[in-house]
Amino acid sequence: MDLSHFDSNNSVSCRLASQVPDVCRTEDCCLGIDEAGRGPVLGPMVYGICFCPVSKKGELKDLKVADSKTLTEEERENLFEKIDEANSFVGWALQILSPNTISTSMLQRTKYNLNALSHDTAIGLVQYALDSGVQLKEVFVDTVGPAEKYEDKLSKLFPGIEVTVRPKADSLFPVVSAASICAKVARDRAVKGWNFQEDLGEVDADYGSGYPGDPKTKAWLQKYLDPVFGYPQFVRFSWSTAKILMDNKGVAVHWDDDEEDGEKAAQRKNNKSMLSYFSASAGGNTQNPTPQTHRFFTERRLKNLDTL
């Protein structure tokens with residue numbers, strides 16, 4: 001698993017994939033989907049798929065795959081190596097969602113919550129497998145949100161494929177367990193080797209589990225909060241833990257699209273509103289309120305129109 005492409009620019013998302021085994025292009029296949037890192041405030045969320053021929057389910061089970069959350073890091077690494085070495089009949093693919101991608105998606109004007117992002121990522125990975133020639137007949141998914149609705153959604157998007165969505169699917173279906181291991185190993189490696197794009201000097205890597213309730217994670221967030229620029233892109237700034245700290249310890253900024261009118265907010269702070277610089281008297285010349293036309297317009301003989 002080569003993460004160098006993601007490490008070179010971890011502000012955006014990245015897809016990694018194994019080669020597709022030839023047998024997966026000719027035989028009916030099953031595919032499992034799971035994620036790692038949904039809850040942490042630090043680091044990426046990784047979605048993984050694993051697929052193999054239906055006739056090879058027993059051989060996949062013989063690899064002793066299990067829910068990644070029940071395994072130690074060393075056990076996960078060993079099992080991933082076994083999965084990767086079984087490349088004659090097992091394939092995998094990952095979508096690494098950067099913290100920046102997650103936060104900007106969740107905070108954009110048109111709300112795009114984590115469930116919707118998760119669904120779209122999983123759908124994209126299934127489509128990737130189909131586009132790569134995998135003969136999918138069965139898909140098993142660890143649910144996000146109500147299982148029945150999610151199953152119905154996927155079944156309509158992929159007619160002809162038998163879709164099974166269950167809570168704790170990673171403990172029920174070996175192919176989902178394998179996907180869980182691939183996703184967790186990728187996230188662990190990405191977090192451990194995180195390349196900070198910001199100039200932070202020697203970064204303290206003791207940030208705990210990355211979950212909001214972890215005292216070490218909270219201490220790390222307080223240590224690396226810049227009062228003006230906020231957090232490095234390692235942090236999901238859309239998480240309430242990060243937002244509360246920024247509200248309490250950061251410098252207040254008033255934007256013109258805030259609930260309070262921009263100009264009134266500026267006056268209250270004894271500042272000029274950004275909009276004031278577009279007014280006729282922006283230059284402060286009260287004797288001649290007519291603004292000078294930029295030479296870009298005069299050279300092209302362009303003028304303002306009052307009527308059409």
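The values are calculated or read from the model by the stated rules, or taken from the named source; none is laboratory data. Model, not experiment: these values are computed from the prediction. Quick reminder, even Gly has a Cβ in these numbers, built from the backbone with ideal geometry, and neighbours come from all protein chains shown. Note: accessible area is taken over every heavy atom of the protein model, side chains too, but ligands, DNA and RNA are not part of it. Shrake-Rupley method; radii C 1.70, N 1.55, O 1.52, S 1.80 Å.
Once you've got the GNM for the chain with C-alpha springs shorter than 10 Å, pick whichever of C14, C50, C182 has the biggest mean-square fluctuation.
Largest GNM mean-square fluctuation: C14.
Just order 210-220, 152-162 by mean Cβ neighbour count inside 10 Å, highest at the front, would you? Display every interim value, and only then the final one.
Values: 210-220: 16.1, 152-162: 13.2.
Ranked by mean Cβ neighbours within 10 Å, highest first: 210-220, 152-162.
GNM on the chain, C-alpha springs below 10 Å: top fluctuator among F229, F196, F140?
Ranking F229, F196, F140 by mean-square fluctuation puts F229 first.
To make sure I understand the rule: partners must be lysines, Cα under 18 Å from the Cα of K57, and not fewer than 8 residues away in the same chain. Which ones qualify?
Result set, ordered by chain and number: K82, K137.
Would you mind telling me the share, in percent, of accessible area of the stretch 1-110 contributed by carbon and sulfur at probe 1.4 angstrom?
Working: 2170 of 4800 Å².
That share works out to 45 percent.
For the stretch 96-166 and the stretch 33-47, compute the distance between their C-alpha centroids and round to whole Å.
14
Between A116 and K303, what is 0.36 nm times their sequence separation minus the Cα-Cα distance? Round to one decimal in nm. Intermediate results must be reported in sequence, preceding the final value.
Numbers: separation 187, 0.36 × 187 = 67.32 nm, distance 4.77 nm.
Full extension from A116 to K303 adds 62.6 nm.
As a test, work out the antiparallel percent of DSSP beta bridges whose residues both lie in the chain, rounded to the nearest 5.
Values: 21 of 31 bridges.
The answer is about 70 percent antiparallel.
Can you give me the accessible area per residue for the stretch 3-193, using a 1.4 Å probe, in Å²? Walk me through the intermediate numbers first.
On the way: 8230 Å² over 191 residues.
Counting only protein heavy atoms, the per-residue value for the stretch 3-193 is 43 Å².
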